[in-house]
Amino acid sequence: MSPDSTSQSDEKSTALRPVAAVARAATLLNLLAVAPDGLGTNELARQLGVNPSNASRLLGTLRAAGLVDRAAADGPWRLGLHLVALADRALSALDVRELARPAMRRLAAETGETVTLSVSAGTESVTVEFVPGAGSVVSVAQLGRPSVAHATATGKVMLAFGDVPLPGGELARYTEQTVTDRKQLAAQVKKAKADGYAEAVGEREDDLAALAVPITGAGGRLIAILGLQGPQSRLTEKRRAAVVPALLQAAAEVAAALGGTPR
C-alpha cells in the first residue's frame with residue numbers, strides 16, 4: 001500500500017470516528033425528546049453516564065444554542081424552540097414530490113384513477129404532480145393549475161386544514177352542482193375536518209368526481225394535499241367510499257416520510 005493510500009485510509013477512519021462530546025449531546029437531545037415532563041440535570045447525568053458538572057456544562061452549551069431550555073433555574077430541562085426552526089429547514093429541503101411518488105403510484109395502480117399532489121400557494125392549492133390511472137377513461141390533471149376553494153376537493157381541504165378563511169364575495173358557479181351557498185360550503189368544510197377528507201362531485205367540471213386528503217407535518221401543519229379523481233360515472237358514491245381508506249393510507253405514508261404524524 002502506498003503512503004498516499006495509507007494517509008487517505010487514516011483520514012477516512014478519523015472522519016468516521018465519533019466525537020464523544022457531540023455523541024453525548026445527541027444522546028441528551030434524544031433523552032429529552034421522549035421525556036414530555038423534562039429531565040433534571042442529575043437524571044440526565046445518570047443516563048448519560050457522566051458526572052453532574054459535565055452534564056451541566058453540556059446543557060449550558062446547548063442552551064446557548066437554543067437547543068434546550070428550562071422554565072425555572074431549578075426546573076427540568078426540555079427541548080429548545082430553535083429545534084423547531086431547524087426541523088422546518090430540514091423539511092423544506094425535502095422534495096415532497098419525490099417522497100410522494102411511490103405512494104401515488106401504488107394508489108393509482110390500486111384504484112385505477114388519477115392521483116394528484118397539490119401544495120399550498122397562499123389561499124389556494126396548486127397541482128405539482130400527478131399519476132394517471134389505468135382506466136379506459138382517464139382523468140388528466142393539469143400541473144400548475146390552482147384549485148377553486150369552494151368547487152374542488154383540494155380547495156375544501158385547504159379551507160378545512162390550511163387555516164384559510166372561506167372565500168369572500170359571490171361564489172362563482174362553474175356547473176349546476178357548484179356550491180354557491182356560503183352556509184352549505186361551511187357545512188361541507190366542517191364535515192371534511194371531521195371526516196379527514198373532502199370531496200367534490202361535478203362541481204368544477206361536469207362528470208368529474210374528486211376526493212382529497214391533507215398531508216400534515218409536525219404539529220398538524222398542512223404540507224400538501226393528496227387527491228384522487230376520475231369520471232363521476234365510475235367514481236360513484238359507493239366507489240368513493242370504498243377508496244377513501246386507501247387514499248388516507250397513502251397520505252399517511254407520505255406524511256411519515258416527511259417526518260409528520262399521520263392522521
Residue 192: net charge of surrounding residues, Cβ under 10 Å, Lys/Arg +1, Asp/Glu -1, itself excluded?
+2
On a 0 to 90 degree scale, rounded to 10, what angle separates helix 20-33 from the longest Cα axis of the chain?
50
Quick one: length gained pulling residue 242 to residue 73 fully straight, 0.36 nm per residue minus the C-alpha distance?
55.3 nm
Could you give P(r) for segment 150-263, binned at 10 Å from zero, as whole percent values over all Cα-Cα pairs?
15, 45, 31, 8, 0
Net charge (Lys, Arg +1; Asp, Glu -1) of residues whose beta-carbon lies under 15 Å from that of residue 72, residue 72 excluded, is 0
Pick out, from 86, 246, 47, the residue whose Cα sits farthest towards the positive end of the charge dipole of the chain, with +1 on the Cβ of Lys and Arg and -1 on the Cβ of Asp and Glu.
47
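Looking only at GluC sites (Glu not before Pro) in DSSP loops with at most 15 other Cβ atoms within 10 Å, what is the longest site-free stretch of the chain? Please report the intermediate quantities before stating the final value.
Details: sites that count: 170, 176.
In short, 1-169.
Considering only the other residues whose Cβ falls under 15 Å of the Cβ of residue 183, what net charge follows from Lys and Arg at +1 and Asp and Glu at -1? All intermediate terms of the calculation are to be shown ahead of the outcome.
On the way: positive: 156, 182, 190, 191; negative: 170, 181.
Here the charged neighbours net out to +2.
Mean separation of Cα pairs under 8 Å and 6+ residues apart, divided by the residue count of the chain: what relative contact order is that in percent?
The normalised contact order for the chain reaches 14 percent.
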Of the listed values [x] 59; [y] 48; [z] 52, identify the label whose number matches percent of Cα pairs over 24 Å apart calculated from this model.
[x]
Please give the contour-minus-distance gain from residue 233 to residue 53: 0.36 nm per residue of separation, less the Cα-Cα distance, rounded to one decimal in nm.
57.7 nm
Of the lysine pairs in the chain, how many meet both conditions: Cα atoms under 22 Å apart, and a spacing of 8 or more in sequence or different chains?
10
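Just from its helices, what would the mean residue ellipticity at 222 nm be for the chain, if runs of 4 or more DSSP H residues each count -39500 (n - 2.57) and the sum is divided by every residue, rounded to the nearest 500 deg cm²/dmol? Intermediate values should be presented prior to the final figure.
Values: 9 runs with 120 residues, N = 263.
It lands at -14500 deg cm²/dmol.
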Could you size up the charge dipole of the chain around its Cα centre, putting +1 on the beta carbon of Lys and Arg and -1 on that of Asp and Glu, and report it in debye to the nearest 20?
500
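Each reported figure results from applying straightforward, stated rules to the coordinates on display, with no laboratory input. Note that the structure is predicted; figures quoted are calculated from it, not measured. Quick reminder, even Gly has a Cβ in these numbers, built from the backbone with ideal geometry, and neighbours come from all protein chains shown.
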